[in-house]
Structures are given as C-alpha cells and as structure tokens.
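One structure is given below, encoded as structure tokens.
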Amino acid sequence: MEFLGLLFSLLALALQVWAIGQPASLAFSETEGGLKLAGAGSAPTIVIDSKDWPGVTRAGNDLANDFGLVTGTKGKTVTSFSGLSNTPVIIAGTVGKSPLIDSLVSDGKIDVSSIKGKWESFITKIVENPADGVSSAFVLAGSDKRGTIYALYDISEQIGVSPWYWWADVPPKKKTAIYALPSTKIQGSPSVKYRGIFLNDEQPALTNWVNANYGGKYDSRFHAKVFELLLRLRANYFWPAMWNSRFHTDDSRNGPLADEMGIAMGTSHTEPMARADKEKVKPWDWKSNQNNLKRYMQDGATRSKNWEVVWTLGMRGDGDTASPTLDANTLVDVINFQQGILKSTLSVSELKDVPMMWCVYKEVGGYYQAGMKVPEDVTILWSDDNSGNIQRLPISSEVNRSGGAGVYYHFDYVGDPRNYKWINSIQLSKTWQQMHLAWQRNAAQIWIVNVGDLKPLELPISHFLDMAYDMSQFTSPTSTDSWLKAWATREFGPEVAEGTAETMATYGKLIIRRKYELLNLNFPYTTTYYDEAEKVIDEWAALENTAQTLYNSLDKDTQIAFFEMVLHPIMAGRVVQYCYINAARNAAYANQKRMSANTLADGVRNMYAQDKVIQQRYHGLLNGKWNHMMDQLHFGYTYWQDPGAAYPGTMPSVRTISTTAPSTGILGVSVQNDAASVPGGTTPTLLGLNPYTPENRTIDIYARGSGSMDFTITSSESYIRVLPFSGTISYPSGTSDIRARIRVDWSAAPSGSSTASITIKPKTGSEVKLNLPLNSFAVPEDFKGYVESNGAVAIEMQHFTRKEGGGGGSSVEIIPNYGRTDSGLTFMPITAGTQTVATAPKAVYAFYSVSTASNAKISLYLPPSFNVAPSTPLKLAVGLDSAGPTTITPVPSHTLGSMPSGWSESVINGARVVSANLGRVEPGRHELSVWLLEPGTVVHRIVIDLGGVKSSYLGPWESGKVGF
C-alpha cells in the first residue's frame, strides 16, 4: 500500500491534481479517451435526481460553484437530462436512492458491486450514452449519502479547491481545461467509521468571533460553514461547542441542517443523550434527582430520534467533573436506562445498528478498572491524557466487541498542567505514531479530536482526518513527511511544497519541547551550558526567516492562506519563545554585570509589543474576516487556568542594571559552559576540544559599565587562531558584546592531550588568561559511529550504525522529525507483538570513547506515552558491547483514570527521561544496542554520560560522527 500511495501521489503531481493521497480521476490537458468537463467559457451540468438526498444536491451545487472558482465559468445542477446535448455532463447520485444511478446500473452501464452496501464508498467513471441526447457523461455513484457527497467534493479538491478555501482562505488553483480520465476510480470505505472534531474551550476567541459575525449564537449559518468543511475533509461526525451553547435550542435549524448535510451529531463525554451541558437539570445527580434526569434524557432521545446521531451514553458529574455519587454499578444502571429509552424511542427491538459510545474519560476509567461491564454494542471511546498521549487501547479480550472502540484525542485543552488553546502546538509525527497505534489495535470505530477554536489548527485537523479516512496511506513512519508535502502542494503550490513541509516539520520539533503557556514554569533552557538558550532562539529565528522567504515568493492571494497556517504560528510563536528565553538570558547577564542585559531587557519589551502587532495583522486580514480569532491569552500563566490579565498576558520580568563599572574594570570575559565573569571572579576553564567536537569554542568579551575599551586576544600556540583577535567594546553606543571563536589547526597540533592558553588583554586593566584543553587523535579509518567529546556522547536516533530485525517480521524504524531534536526510533509492525531480548529488533549505535568512565550512565529520551495495554507495558532494553542487556519499563504502572508517576513532568517537558547504568567504559570502540520489546515504544534521543554531561534541557549537542 505504501508503494501504491507513492504512485498515486506521483500521478497526481504529474497531472497537477490537487487532492491528497487518493487516486486521480481528472487531468488538465487533453487525454486520450478522456472527457472534457470544463474549459474557457464552458462548465459542466451536474445532474442529480430530485429523489436523491438533499445533502447530495447541496454538495452538487458547491461543486458547480467550484468550477466557477477554478475556470471562471460556473456549472449548474439540474434534475433531468433535458436540453443537455451541447454541454459537458456529470451525473451524481446514490445507489438505491437515485433513479438515475439505478437505471445506469440496471442497463449495465456502471457496475456498483464493489461499493454496494458499503459505508461511504463511491466509484467514478466515464459512461457512454447514459441517456438520450447525452453522448457521454462522467458518473459519480455513491454507496450511501455521504459516499456521493464525498465523490462530489473529491472532484472539487482535484480541480484545485481546497477544503480550507473559506476557513483558511486558500485560493482556488486556476485551470483552462478539465478532463475526466478514462479509468474507473473505486473509493472504498474509510478506515475509521466516525471521524470528526469537537469545538471546545471556545472562549474567548471563537465565541468572540461568533458574537461579531453571527449575532452571538452558534447558529445554522455558522454550522453550515463547519459542516461543509468537515465533508470536504471527508469527516462525518461533530461534537458542538458546549460551554455557553445549546446546539439544538440556540437555533432550531441546527439539528435538521446537520442531518440534511450528512453530519452525524454527537455530544461530549459529559453530555449524554444528545443534550447540551447548558440544558442540564439541577441537581445533576442520579441518586437524588433520578426522575428528572430520566425525563431529561428521554427528551434528548425524542428530539433527535429522526436524525443521524452517535448517542453518548453514561454520565459524569456536573461541569465536566467527577460525580460524588456515581460508581461502577450505578453507571451500569444509567446506561441500561439510556439503552432502554433508545429502543422504545427509535422503535427498534435491538440496538446493533444504533451507534452509541461511552467515553472512558478521567474518573470514568476507574469505574471500568473496577470491573464495570459495558454492553457489547456500545463503542468504548478511549481518551488520551488531554495532551496527545493515548491512555488505553483494546486488549485481546476487547477487540471483538460488536461496538468496537475509538479514540478521543486533543489538540487543545483547558486543565492540568496548563491550558493550551492559543495557536497550533501539535507535532504531526507524534499524532501519527499515536493514531497509527490506535488503528493497529482496532480502535477504529470513532476518532474525535478536540480542536478548541478550530481556526488556528487547520494543519493538524487535516492530518488527523486524512489518517482517519484512509490509514492505508499512513502505514510508514515516513508517511507524515510525505503527507506534509502533499498538503503544502494543495494549499500553496508545488514550487514551495518541499520548503513548506520542512518548515512545518521543524516547527513541530520546536513546539513539542514545551507549550507556550508552560515556558515560564521552571524555565527549561539553560543559559550556561551547550549554548542551549541561544541555540533555541536561533532555531526560531532561522525558521521564521525560512517561512518569510517562502511567503515572499507567493502571489498575494496565496500569501494570506500561508500567513494564517504557516507564517503566523511561526512568527507569533517566536515572539513568545524570544520573550521568555531572553528574559532568562537577561537575568544571567545581569548577574555577570553585562551591559547587554539592558539591551536584552529592551529586546524583550519590544518583542512583547510585537505580539499585539502580529495579532492585529491577523485580525486585519480580508477586512477583519478573522477578527477575534487570536484573542486568547498566552503570556504569564501561574497555574492551569488563563492568567487574570489583559491580552496577551503578563510580560516576563526583566532587570536593568547600573552603568557603573566594577572596580576590576569595564571589560568582562565569560566562556561557554561557565556562568563566571572575570576579572573579579573565579577564572573559568574552557571545555576541551578534539577534532570531532561538534561545536566551536567561544569567548564573550563585553562591557560591564559605560565607556569603551580596546582589547587584543593572543594564543600561546600558533595552531590556535582566535577571531577576532582584537576589538573594541563600548556602551551605550557602539558594540557592547563581541564573541570570539577559537579555531584549531589539528594537522599542526601535537598528538594526544595538551593545554594551550588564550589571553585577553584590555588596553588598561587586568588581563584574562584562559586554559584550553586539547586532545588530538584520530579514530580508526574503518570506524563508523559517534566520537565522545568532553565526557559525553549524544545520539540522534536516525544515525544508527546498523539495525537487526526481530521476531514476527519486526524491525526498528525511524520516524523523521519526531521528538524534541531530530527523530524517533520505533517498533514496526505493531502486529508483531511483544518480544524478548532474544527475539526483539534492535538498533546498534557505535561510539568511540577517549575517556575512562568507572560507571557510565545512559539517559533515554522517550515521549510521555502510556502503557496502552497494561499487561504488556512499553519496554526496551539497552546493552553495551557484550554485557548483558538492562531491561527498562519506562512508564510506571497505574490505575486507569489516574496518571502514572512522573506524568505531569513528562507532559510539561515533552519527554520522559529514564536512566540506567552501563558500567565501566574504557577508551576505544564500543557498541550500544537498543532493543525495542513492545509495540508503541519510541526513543527520540540518547545521551551517554562518561563523566562530563552538564545539566540541560535538551542535552549536549549531537556528538561528532564519522562514516555517515
């Protein structure tokens, strides 16, 4: 299937078809045997039988309009073949509902056996002489209502109308001619039966926008836009906004509209029986107010009985909390009652064809753990931890339940450890890993994702729903990168597709490190070691520069969509990162009495002000179309809830220091990996260098008061060069900080260990003499692997020396752009099952040590995952050389409905770091083996401490490597 997906993608690109991941049925130049559908001044007539579903006609009207967006000439929809002899014709309809389609079937002109009776399937093909006076037509036949609707919107996407044409202002791709290909396209049933989104935590941004545009109600005009988007994205399921909304009573047309358009309505885990939270009776307590609650639930069933609904069963406490009077036995009574009223209200003797779900969310998991028996025909909806980590999936005794299982996932959340609901902070490769695991473990009945305000999450929504529609296109760990390029091609064009895909993959790695709202919680990045804080700032700046360059290359219409989905989250995100990181650097510089601490303070203030400018730019797009969509606070959190401050929240504090120079003089010196400032403090020692050290060594010379000072830098050895070797620091005018970089000519340096000195001499005052340890050596010519530097070996997972397969056809595979720095190592396929060290696949990482460590330690960086199958927890093993492996079970066991120890820290940090001892390490070659023993286990970084690893968030720079 991976090869087929690639083939489809290449074919689509070659034909300039803009749909993602599905076989092409159109071309834009004359094709032998093809049928011209549209061109200059011509557009198709779309024939839809009047007896077909109204939602099909509605989608047909959208397609007719889309032809106008693409070619300049709108199509039209009709209900008969009258007067169609001189126009291109598309016939669309539903098998068993459209007499037009059924007549083509009975006449043997189309064969629908491949889709008949299937869920949401369709075929398309050119048919000769489908009716009197029509020589040929392009026929779209759906197995059911949504099958036909998806067939119509599939054409829209292929001709160049993005599903996000309205919600993200993606301009249609203009065409001069459109042809149907002379081939039959068969689109089977989706991978996941019910696929959709939950508008939640919608205050203030989305609600303020709705207030401004729809009179303060989430009414049918609003929902028509949302439903159309969902159908264009091939979704079919929707949980409406809940916190201050009542879907059915805010606008009586909401319910009928969803059913007409083809959306299966649901409600959240805390809103049973198709009723809104704001409709609840009080007290919301089954024990004390059972009669009123039963009437409330009956009324919900009665109101929605004629519409397509996935019924939410069970109940929780009032206000999305646990109920103090519910337990496992009581909840069984609630569900039994709910099923009883569904049978009577829907007039069915059994519920096997009535979709129902029970969401195992928070404390509800405890009921299940306690032995609660859920009826077999109810879908168990397993939840993540609200931060994208699925807590539980079906085990062997649960996979054959008739109701199946699904997943409730989050791209937005209000709650511990802190809210995150401002802009996109989702790593797509992580979403893939979790949802691929869910699919492989048979949780494929429902996928629903909390998307908050909807608007800032266009990219992860598209990715999530494309996976749910056809997971066969996402079987490979590399599939997310391929999908990103296809997505960027559809939205912005092939010229910028690769650059945009790389940009958003990089964004995912930067943002998974820590949510914006959490940056001021035990500020993560060290300002001392590994240039970490500065490096992160530089990564964000480079990313914004890349995105800006791509933006500049686009036409003005496409720039709007690119700004909304790519440039804005990077630009706005960089502001927050800059403010927090440079506030921390300001504090560190103030302690060193660097005058540039004041410069950093000014920079933080100025960048904080830019936040408002960027918000206003977003809100001003298209004459204020999206005004209020960026109203969410994102600075100054002090606990889980929004800070009580004006937009955008409280700026991180900064210090301004005195301009009076210390008695030791205006000139100060500091070095990498040391917070000391000299003259006047303990003289720091530069960390050593060897020919494989990945980073340069640097010395900072800076002003510690007002005035200026000339200086020179000299080395004790001719093979060491420091640039610049002289300069002038000056404050407040001129250059207050100069960074000197050390270069070593290793061909001239003496073999083995040595120490050189570097002297910084001011024109007046005390000179500073620094020692620089050197170690000149060469690894063996046949060595391939990492080389230690300063007692550390930092490994990125894709750079293995070799890998070996395991039992059941298992292997270790790389997930590109996964985790906080580079890539992830994972176990494939999931179906291979649990392994032992003797049978498990492994990756081997060679390294060359120059130190002796009596007891080396290994730290493994893993995602904050859960043991989704409690009896077979996530597990891996590590072993050095021929020593026996050490088995690691990274996630502590815990009770369903609670969190494992270390959960909060791992979610905050975007990583769970576990450590083990490796024993004695001598100088020379070594091989570290990493076995993955359980499907779902992922490792995204390894650091081996040979005695020199410093405290940091991300770990040392990736070590130097040879042979790659």
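Details
- Of all residues in segment 398-423, those being out of contact with any Gly (no Cβ under 8 Å at 6 or more places or on another chain) and either among the charged types (D, E, K, R) or in a loop (DSSP other than H, G, I, E, B) (or both) number 14.
- Applying the set (1) buried (at least 18 other Cβ atoms within 10 Å of the Cβ); (2) more than 47 Å from the chain's Cα centre (by Cα) to Ser766 leaves exactly one unmet item: (1).
- Those residues of segment 81-111 which are modelled with pLDDT of 95 or more and either among the small types (Gly, Ala, Ser) or closer than 25 Å to Trp164 by Cα (or both), in sequence order: Ile90, Ala92, Gly93, Gly96, Ser98, Ser103, Ser106, Gly108
- Pair list, Cβ under 6 Å, 6 or more apart: segment 185-209 residue closer than 17 Å to His410 by Cβ, other residue in a strand (DSSP E or B) and not aromatic (Phe, Trp, Tyr): Gly196/Ile448; Ile197/Val449; Phe198/Ile448; Phe198/Asn450; Asn200/Asn450
- Strands (runs of 3 or more DSSP E) contained entirely in segment 147-225, each with at least 3 residues that are surrounded by 24 or more Cβ atoms within 10 Å (Cβ to Cβ), among the β-branched types (Val, Ile, Thr) and touching a strand residue (DSSP E or B) at 6+ places or on another chain (Cβ under 7 Å): none
- Residues that are at pLDDT below 95 and among the β-branched types (Val, Ile, Thr) within segment 306-323 comprise just one, Thr321.
- Of residues in segment 231-247 being part of a loop (DSSP other than H, G, I, E, B) and over 17 Å from Arg275 (Cβ atoms), the one farthest from the chain's Cα centre (by Cα): Asn236
- Single match in Trp439, Trp432, Trp422 (criterion: hydrophobic (A, V, I, L, M, F, W, C), within 12 Å of the chain's Cα centre (by Cα) and modelled with pLDDT of 95 or more): Trp432
- Segment 248-268, residues that are part of a loop (DSSP other than H, G, I, E, B) and either among the acidic types (Asp, Glu) or in contact with a Lys or Arg (Cβ under 6 Å, 6 or more places away or on another chain) (or both): Asp251, Gly262
- Filter result for the condition that a residue is under 30 Å from Tyr618 (Cα atoms) and touching a helix residue (DSSP H, G or I) at 6+ places or on another chain (Cβ under 8 Å), over Ser121, Ser156: Ser156
- Only one of the numbered conditions (1) more than 20 Å from Arg820 (Cα to Cα); (2) outside any loop (DSSP other than H, G, I, E, B); (3) more than 22 Å from the chain's Cα centre (by Cα) is not met by Glu498, and that is (3).
- Cβ-Cβ under 7 Å pairs, at least 6 apart or on other chains, segment 771-789 side outside any strand (DSSP E or B), far side surrounded by fewer than 22 Cβ atoms within 10 Å (Cβ to Cβ) and among the charged types (D, E, K, R): Phe783/Arg925
- Only residues that are surrounded by 17 or more Cβ atoms within 10 Å (Cβ to Cβ) and assigned to a loop (DSSP other than H, G, I, E, B) were counted in segment 376-397, giving 11.
- Identity of the residue in segment 639-657, in a loop (DSSP other than H, G, I, E, B) and free of Cβ contacts under 8 Å to residues at least 24 places away in the same chain, that ends up nearest to Phe523 (Cα to Cα): Thr650
- Complete set of residues in segment 851-906 that are touching a residue at least 60 places away in the same chain (Cβ under 8 Å), closer than 21 Å to Gln433 by Cα and of a type in the set (Ser, Thr, Tyr): Tyr861, Ser865, Ser871, Thr872, Ser904
- Residues of segment 369-383 satisfying the condition of being modelled with pLDDT under 95 and within 25 Å of Tyr413 (Cα to Cα): Gln369
The values are calculated or read from the model by the stated rules, or taken from the named source; none is laboratory data. Please read these numbers as outputs of a predicted model, since none were measured by experiment. Every residue, glycine as well, gets a Cβ built from its backbone with ideal geometry; the counts of neighbours run over all protein chains shown.
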